[in-house]
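Here is the structure we will look at, set down as structure tokens.
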Amino acid sequence: MKKTDWKEALSSLYPPNPSFSENNSHAETDSTTPAKQLLRIELDKRKGKPATLITDFKGTDEALKELSKMLKLRCGAGGSQRDGEILIQGDFRQKIAQILLENGYKIKKTGF
């Protein structure tokens, strides 16, 4: 008995969907590109210590994680990300604003 790939078996039953492509199935939409986003940067106090908060990120959790990782690395600080927010430990408002502008994001400074 010959083993067949499950994709081959399904393709014989159903015609391929022309609007679906495996390569771009996770592509960014227009609203998640850096040029289309307006990120807010503000200073927050967490347990009495300053923290820079970046909010209003729209995109996948992976994209949020990558942006957070890049910001933490460039600032040399710790932090976290969740629910469209990035928290960087310390007051890095100016530096983060510069980094985000270099990467094509639009920013709104709050409390500078």
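Nothing in this text is a laboratory measurement; each read-out follows from the coordinates by a stated rule. The shown structure was predicted, so the numbers you read here are calculated from the model rather than taken from an experiment. Glycine also receives a Cβ, built like all others from the backbone with ideal geometry; neighbour counts cover every protein chain displayed.
A few remarks follow.
- A Förster radius of 41 Å combined with the Cβ-Cβ distance from Lys36 to Lys7 puts the calculated FRET efficiency at roughly 0.75.
- Convex hull volume per residue in cubic angstrom - Cα atoms of region 43-82: 70
- Cα-centred dipole magnitude for region 36-110, charges only on beta-carbon of K, R (+1) and D, E (-1), debye, nearest 20: 240
- Region 60-112, relative contact order [Cα under 8 Å, separation at least 6], %: 25
- Kirkwood radius, region 36-110, all distinct C-alpha pairs, inverse of mean reciprocal distance: 12.1 Å.
- Gln37 long-range amide H proximity, modeled H, under 5 Å: Lys106
- Estimated D of region 64-105 in µm² per second, where Rh is the Kirkwood radius over Cα pairs and Stokes-Einstein applies at 4 °C, 1.567 mPa s: 126
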